[in-house]
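Reviewing the structure listed below.
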Amino acid sequence: MTIELSCPVPISNHETVQMAHGAGGRLSQDLMRRIFMPHLHNIFLDLLDDQAKLELPHGRVAFTTDTYVVSPIFFPGGTIGELAVNGTVNDLAAGGAIPKYLSAGFVLEEGFSLPELDRVVQSMAEAARKAGVQIVTGDTKVVEKGQCDKVFINTSGIGIVREGVAVSCRNLQPGDAVILSGSVGDHGMAIMTSREGLSFQSRISSDCAALNGMIADMLDAVPSIHAMRDPTRGGVAATLNELALSSSVGIAIDETAIPVRPDVRGACELLGIDPMHVANEGKLVVVVPASDAERVLEVMHLSEHGRGAVRIGMVVCDHPGMVIMRTALGTRRIVDLPLGEQLPRIC
Amino acid sequence: MKFIDEYRDPKLALAILEEIRRKTTRAWTIMEICGGQTHSIIRNGIDQLLPDAITLVHGPGCPVCVTPLETIERALLLAGMPGVIFASFGDMLRVPGSSKDLFCVRSEGGDVRFVFSPLDALQIARDNPHKEVVFLAVGFETTAPANAMAVYQAKRERIGNFSLLVSQVLVPPAMRAILSSPGNKVEGFLAAGHVCAVMGYEEYEPVAKEYHVPVVPTGFEPVDLLAGILKTVELLEDDRAEVFNRYGRVVSREGNLAARRIVDSVFMVSDRQWRGIGLIPGSGLVLREEYAAWDAEKKFDLAHITVSESPLCMSGSVLQGVLKPDACPAFGRECNPQHPLGATMVSSEGACAAYYNYHRNPF
């Protein structure tokens, strides 16, 4: 007679997220050791404290937060991880701050593939390196299957506000030039056309990018920039409307000046979507005194993210709070805020 | 972009406009049938460019707008049923019923999905054999072939968990209803290009003759629309009540015969209620008896539905071209895209939405 002496040993080499990965126990540590630390490690994270203790220079601090729920999590031109870094970096930079430190909170769905999580975290590390920021603190929670979709990421960011810069959506002055850094709608249509249920031959690539380098060069050259904003959800139309409303001025733009890539335009035509309403993740709307417009454009053209920068219109006294477009036919129409759900979960 | 840029060429558009000015000797009222045309006209400001003598009135060709409230209520009821996946074109999700829309049902836990094609809804049925999948089949002759194809496929593959909630409508009976109404001002029509792509234009020939109106199948781009208006003006000025095809790159006299065949084999003509307008005889399509098993109205118990329209909404007059959207007292006040009183303010093809989005003050 033989006696089986071996006991069942808990499986530790999972290929998918388990509830225990979020329980604070051994599997949580495993996740840190296997995925987060190898990609993100730095002098703050390596301490494994519950908080990062940061040395900040004197002056004003900019602080922002955003949550990323895009589907699919991998799309042409980016990942949810890159989006989570670049989006928060851009929110800081567009306010005239130098982005420094980010936090990252992950909500993981039970059963989500760990190799995919690894790809997401790796892409975040790469994006942070490119943008010159550090991810200094983080958190992971796991929810039951079906309670979220693969992975949701929150990032918060801290930046140092540049001296002598006063960029605000309330600063628009009649006569200011309105500049757009490049083609509209790339990100939203990249997501849309990579969705299930839509098969497009062309692969539209997201413009997902950190703009802090270009913005720093712009502010070095022209500190008098009145306002900057990255036109994400709601597209350029929503951003221009927000700027017009905040400053109680009108904005007049020229339809023929708005750059739209042919593949984006084709997809928008097919789906009946206005590219002005489609999200961007690496574009910038800049409002600057008209006398400085050429200088800003020169600087933007030197950056890979501003090569296609153009002047699209100007700030006016008329129709405060509204954006009016001069059409190709020479008529005028309102450019309104998009309404409701057009492209769900684009960022 | 090929097939777009040449039809948006401002030089060509302005040249046609000049020709319209030259040809127009008196006042004419022209109706564009299709909501897609209405949006293009307002979006491009074509109405601002036309001579004062030409009045464009906006027709009933917005499927979302004319879908009866009873159908919306049935959709809401179905979408809220346990075990049902309710699929629809995105436009329909925001159309208000008496008290809520499909988005509300979704937020209450209903499985409501938007799809780009009824064939996608059929795929959902294949993928979810233990659920009932209902597709809200709305539209004019344009959507009828794809909707017919979905049911045809379902029958062929014996997919029993798929059905259509049908609200298909037809253009020619609506034109007759408008032309017969006592308040009618319409003297010529721009026929809807996409409807004609399916159906051709031979069915407009008796309408043109009987009511002595020119009918011009027209596209959707600025140059298409202006060319359609020019042709209509020329026919009106010459007193020629003819059908003239101005959308030749897409439309032929007999239309798409394969599409017409599938529509005929799956659907049959019936009387149909139009939201805001009322019953128009012979203006709808319903599933034929042999497809009854795929007819949501027969499959589910949808009786006991009571509906109430907002007394402020005048969309019926708007849809018949009697009232311009911005002449409605509720326009932009009680009624706006956030709080639409009627479907004409909701749909991307609704005339009220077009005026609100592109054309309200400061003009």
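The values are calculated or read from the model by the stated rules, or taken from the named source; none is laboratory data. It should be emphasised that the depicted structure is a prediction, and the values quoted were computed from it without experimental measurement. With ideal geometry, Cβ positions are generated from the backbone for all residues, glycine too; neighbour counts draw on all protein chains shown. Ligands, DNA and RNA are stripped out before the accessible areas are found, and what is left, the full protein with its side chains, is counted by its heavy atoms. Shrake-Rupley method; radii C 1.70, N 1.55, O 1.52, S 1.80 Å.
Could you tell me whether B:Val138 is open to solvent by less than 10 Å² (accessible area, probe 1.4 Å), assigned to a strand (DSSP E or B) and at pLDDT below 95?
yes
Of all the residues that make up the stretch B:68-113, how many are within 21 Å of the chain's Cα centre (by Cα), assigned to a helix (DSSP H, G or I), of a type in the set (A, V, I, L, M) and under 25 Å from A:Arg195 (Cβ atoms)?
So the count comes out to 4.
For A:Ala267, indicate whether it is outside any loop (DSSP other than H, G, I, E, B), under 24 Å from A:Ile80 (Cα atoms), open to solvent by less than 40 Å² (accessible area, probe 1.4 Å) and more than 10 Å from chain B (Cβ to nearest Cβ).
When the stated conditions are applied, A:Ala267 passes them.
For residues that are over 20 Å from B:Ser163 (Cα atoms) and within 13 Å of another protein chain (Cβ to nearest Cβ), scanning just the stretch B:97-108, find the one that is surrounded by the most Cβ atoms within 10 Å (Cβ to Cβ).
B:Asp101
Out of all the residues in the stretch A:281-307, which are among the charged types (D, E, K, R) and not in a helix (DSSP H, G or I)?
Selection gives A:Glu281, A:Lys283, A:Glu304, A:Arg307.
Out of (1) assigned to a strand (DSSP E or B); (2) over 18 Å from B:Phe244 (Cα atoms), what's the single condition that is false for B:Pro173?
Single failed check for B:Pro173: (1).
Residues in the stretch A:55-82 that are open to solvent by 50 Å² or more (accessible area, probe 1.4 Å) and part of a loop (DSSP other than H, G, I, E, B): how many?
Summing the residues that are open to solvent by 50 Å² or more (accessible area, probe 1.4 Å) and part of a loop (DSSP other than H, G, I, E, B) in the stretch A:55-82 gives 6.
What's the total number of residues in the stretch B:277-306 that are among the hydroxyl-bearing types (Ser, Thr, Tyr) and closer than 27 Å to B:Val171 by Cα?
2
Tell me which residues, restricted to the stretch B:17-40, are within 11 Å of chain A (Cβ to nearest Cβ), out of contact with any Phe, Trp or Tyr (no Cβ under 7 Å at 6 or more places or on another chain) and at pLDDT below 95.
B:His39
For the stretch B:41-56, give me the residue count where each residue is within 9 Å of chain A (Cβ to nearest Cβ) and open to solvent by less than 10 Å² (accessible area, probe 1.4 Å).
3
How many residues does the stretch B:1-56 hold that are closer than 25 Å to B:His194 by Cα, of a type in the set (Asp, Glu) and not in a strand (DSSP E or B)?
Number satisfying all stated conditions: 4.
B:Pro172 passes all but one of (1) within 17 Å of the chain's Cα centre (by Cα); (2) surrounded by fewer than 20 Cβ atoms within 10 Å (Cβ to Cβ); (3) at pLDDT below 95; which number fails?
Of the numbered conditions (1) within 17 Å of the chain's Cα centre (by Cα); (2) surrounded by fewer than 20 Cβ atoms within 10 Å (Cβ to Cβ); (3) at pLDDT below 95, the odd one out for B:Pro172 is (3).
Got at least one residue in the stretch A:230-253 being open to solvent by 20 Å² or more (accessible area, probe 1.4 Å), away from chain B (no Cβ under 14 Å), in a helix (DSSP H, G or I) and without any contact (Cβ under 8 Å) to a residue 60 or more places away in the chain?
no
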